[in-house]
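For reference, the structure discussed in these notes is given below.
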Amino acid sequence: MQKTKTDIVVVGAGPGGYAAAFYGRDKGKKITLIDKSERLGGVCLNHGCIPSKALLHATKLIKEAKESGFRGIHFGEPKINLDEMRTWKNGILRKLESGIRQLAKKREVEVINGRGYFEDSKTIRVETNAGQQFIEFDKAIIAVGSKPTLPKTFDLGNPRIMTSTEALEIEEIPENILIVGGGYIGMELGTVYSTLGSQVVVVEALNSILMGADADLVRYVMMYAKKNFKEVRLNTEVEKLATSGKKIKVTFKKNGETFDEIFDRVLVSIGRKPNDDDLGLENTHVTLDERKFITVNEKQQTRDQNIYAIGDIVGGMMLAHKASREARIAIEAITGENSPHTNIIPAVVFTDPEIAWAGLTEDEAKQKNIQISVARFPWGASGRALTFDRTDGMTKLIIEPETERILGVGIAGHGAGELIAEGVVAIEMGATAYDLAHSIHPHPTLSETLMECAEAFYGHATHVAK
Amino acid sequence: MDIKVPHLAENITGGIVAAVLVKEGDSVKKDQTVVELDTEKAVAAVPTKEAGIVEKILVNVGDNVRVGQTLIKIKTTSAGKQKDTAEVSEDKEKPKPQRNNQQISERGSSYKYHSSTDSVPPTAPHVRKIAQDLGIDLTMIQGSERGGRIILSDLKRYIQHIQNISEGRDNIPKVADAVSIPDFSAWGSVKKEKAGTVRQKIAEKMTLSWTTIPHVTQFDEADITNLLALRKKELSGFELQGVRPTVTGYLIKILVPLLKKHRKFNASYNVAAQEILYKEYLNLGIAVDTEQGLIVPVIKNIDTMDLVKLSKELESIADKARKRAVSLEDIQGASFTISNQGGIGGMHFTPIINPPEVAILGIGKAKEMPIVFEGKIVPRMILPLCLSYDHRLIDGADTARFMKDLVEALEHIT
């Protein structure tokens, strides 16, 4: 049995895995990157962040065109060709995928297409199309990610019951679609489908959509959903899905009462679960928590000294940028450097309007009984927001009262996802509201809302009425 | 009305919340204790100055708090209108930011970063990286920027500062634990427990003492057979006066004239001013073993006390220490300390000096030993003695003379 040797094996080539592979290589290590898919980039690139943003962009044009009449610009009815749309979207994915492949090649990172299986704490077996391959490693980084949760009772093998992976393929524009779960994936895809013309119903078991975000930010998305979706059904559970001819019969349960309704399609977006079945982890000292996420220490090291884990597979916020950061922490731990840990992980929901936040939220402060000051700046007072008729937004700062230090930033509104980066830098740098208020922001831009928000904290924002 | 951490005593900058004795919505009377603070060595009660209703409790048990920090908001029964604190964004009355820039390193009060929101010290990633590489605890550094933000020059100043300490040019307790703690989880599970204030203070003081004072420990032994016989004889008489003097009591009685004769052992050495400070009072620190750890309460003016008074004092102060009822005054002002392990059973050891004192006497357990006494081998009770001294001020010969006098006094007590 032939064994090849490498310094670091990275299992999974998503935004965590390929970042780890490249950074490890840049640090002079010999790297082998394994992915079971032929396409590098993981869920983010192929079935997540990237395709959903492409579709959101495309469909937004439809809505904007439709709503331009009052500005004196009139468009005709849009003609939508799904095949062309898919081709365009897939073209973006291909471009990105080949970019990653190029980067790997230039760096001389060995990429193997196959399924990785740990034989022990030093050896991984890779099942490729060309047969088995054994690789002996010094260190391994597990970055195999997560997949959509589809409970057995929902999994009827009916293609009309979709997860986000299938929904992003947009096989058709269904007349109506039920979205189970009002998290960010459900709300983003709901926006895509409703703009394409589907009647969207979102059903959420809890009493709010987008749990984790502050209610005053979520309100703006709720306003949009109320206007553009058919319904957002809170405090309601889905008991059962059943095939009913070419449609899906859905049994709901609310306040102890059950009722049925028929939908053309159903998207199940109730969460994501770790991909750690069939990895051979039982042959290592890696341990899992009760939800089957891999347990790691602050250096991303598992209970097996040779094996690290990063990204969705270790739980927490399942976000690409968290995985990429953890990739660096793991590599630096392997090369013996110290990475100061940070827990400022920004979150963005690409709904319409977008919601973004970083650091401490008001909700979290309330739960932990932390006393904070909150400064808010409504976008109705932003000249820039008025110029494109999107005053449905708000910027807010969460501030430590005694020191005026910025602990958290929350933004709802057009482009919030871009704006939040400034908030992240402010928090990471330990900036105070004073610092933000005294940094000149260009006019007229939405970034001014951050500055004016800081001014509002001191009670003298230019554009806020007294 | 806000109930804040009061000024407790000199050099006490804060403490840990030991107990919150009220709930939100409770009505409180004037002077009622609402919070107990665990300070260096004593529990301090914080009372409310006015009667009213507890509106908001801002701290939890275990929180680190600093002097001036608000603990509880009370809606006073007399006050007319009370501001609603829920919507802070419209609150015009903004708290003043803390800007005590240079306070730490120069003055050396043991600074510890505190955040009312439990946040880590504000600083940029590049500063965090350097601190982590050097094993420096950022909470020990007071940032000079607005909001206490730590910049590179603050870190440099702090590093300079700990260098000064290790070179003995600075007598300020500011040494961070520079030993990096490995990841023990590689070898097995570890249970973490927060060190209490007493433990933190002991660690700080011992490190300071050990790193700044050149210690020497002199060992000796005294035959206390006669002393024990004397004690036995006198005991019934003392019991009528309600006390049972211990060997420690007799020993302290003997120490009084010795410390007056050997003045250096009851002195302090001011390195900066190059001065020797001879104290004309005799305050004795007594090391007491408590559940929280070592506490050293002080008996003031032992030279004015007879054995009865001294024995009473010894008993009450040790009892108070064990119950954590000593006040901050009770633990300050010692000029010499004794540490008696005899009750537990130790022999010789090397006690660590409690600065700014310059000497400490350790006592072991008296043991029956075969001794040549008046030409014959006889069983005698032998008491181990160990005297640690600061060699900057006291020389070996000084100590040998002190020890000789002590042993003689113990052996020839009448």
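The values are calculated or read from the model by the stated rules, or taken from the named source; none is laboratory data. Please read these numbers as outputs of a predicted model, since none were measured by experiment. All Cβ positions, even for glycine, are placed from backbone atoms using ideal geometry, and neighbour counts span all protein chains on display.
See the values below:
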{"read-out": "Selected residue (only one of A:G359, A:G413, A:G430 is touching a Phe, Trp or Tyr at 6+ places or on another chain (Cβ under 7 Å) and at positive phi)", "value": "A:G413"}
{"read-out": "Residues located in the range A:265-289, provided they are among the basic types (K, R) and touching a helix residue (DSSP H, G or I) at 6+ places or on another chain (Cβ under 7 Å)", "value": "A:R272"}
{"read-out": "Subset tally (residues that are facing chain A (nearest Cβ under 8 Å) and crowded, with 19+ Cβ neighbours inside 10 Å) for the range B:120-130", "value": "4"}
{"read-out": "Among (1) more than 8 Å from every other protein chain (Cβ to nearest Cβ); (2) modelled with pLDDT under 85 - the single one B:P95 does not satisfy", "value": "(1)"}
{"read-out": "Sole exception among (1) polar (S, T, N, Q); (2) closer than 14 Å to A:G41 by Cα; (3) exposed (fewer than 14 other Cβ atoms within 10 Å of the Cβ) for A:N90, by number", "value": "(3)"}
{"read-out": "Tally of residues being of a type in the set (S, T, Y) and either buried (at least 19 other Cβ atoms within 10 Å of the Cβ) or not in a helix (DSSP H, G or I) (or both) across the range B:191-245", "value": "5"}
{"read-out": "So A:A104, is it small (G, A, S) and surrounded by 15 or more Cβ atoms within 10 Å (Cβ to Cβ)", "value": "yes"}
{"read-out": "Residue list for the range B:381-414, restricted to those being part of a loop (DSSP other than H, G, I, E, B) and within 30 Å of the chain's Cα centre (by Cα)", "value": "B:H391, B:R392, B:L393, B:I394, B:D395"}
{"read-out": "Criterion violated by B:I276 - all others in (1) surrounded by 15 or more Cβ atoms within 10 Å (Cβ to Cβ); (2) closer than 20 Å to B:I360 by Cβ satisfied", "value": "(1)"}
{"read-out": "Subset of the range A:77-110 that is touching a Gly at 6+ places or on another chain (Cβ under 9 Å) and assigned to a loop (DSSP other than H, G, I, E, B) - its residue that is nearest to A:A65 (Cα to Cα)", "value": "A:I80"}
{"read-out": "Among residues of the range A:314-340, those that are away from chain B (no Cβ under 14 Å) and over 22 Å from the mean Cα position of the chain (by Cα), counted", "value": "1"}
{"read-out": "Where a residue in the range B:49-62 is at pLDDT below 85 and its partner, wherever it lies, is in a loop (DSSP other than H, G, I, E, B) and among the acidic types (D, E), with Cβ under 8 Å and at least six apart", "value": "B:K49/B:D31"}
{"read-out": "Residue within the range A:42-65 that is more than 27 Å from the chain's Cα centre (by Cα) and surrounded by 13 or more Cβ atoms within 10 Å (Cβ to Cβ) present", "value": "yes"}
{"read-out": "Residue in the range B:264-276 that is in a loop (DSSP other than H, G, I, E, B), in contact with a Gly (Cβ under 8 Å, 6 or more places away or on another chain) and farther than 20 Å from B:D303 by Cα present", "value": "yes"}
{"read-out": "Selection from the range A:61-83 of residues that are among the hydrophobic types (A, V, I, L, M, F, W, C) and more than 23 Å from A:R390 (Cα to Cα)", "value": "A:I80, A:L82"}
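This table checks each residue for (1) touching a Gly at 6+ places or on another chain (Cβ under 6 Å); (2) free of Cβ contacts under 8 Å to residues at least 40 places away in the same chain.
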{"site": "B:I317", "(1), (2)": "no, yes"}
{"site": "B:V326", "(1), (2)": "no, no"}
{"site": "B:Q332", "(1), (2)": "no, no"}
{"site": "B:S339", "(1), (2)": "yes, no"}
{"site": "B:P351", "(1), (2)": "yes, no"}
{"site": "B:I363", "(1), (2)": "yes, no"}
{"site": "B:V378", "(1), (2)": "no, yes"}
{"site": "B:L393", "(1), (2)": "no, no"}
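Listed here are the residues, each with its yes/no results for (1) in contact with an Asp or Glu (Cβ under 8 Å, 6 or more places away or on another chain); (2) loosely packed, with under 15 Cβ neighbours inside 10 Å.
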position: B:G285; (1), (2): yes, no
position: B:I299; (1), (2): yes, no
position: B:D306; (1), (2): no, yes
position: B:S316; (1), (2): no, yes
position: B:E329; (1), (2): no, yes
position: B:I338; (1), (2): no, no
position: B:F349; (1), (2): no, no
position: B:I360; (1), (2): no, no
position: B:G364; (1), (2): no, no
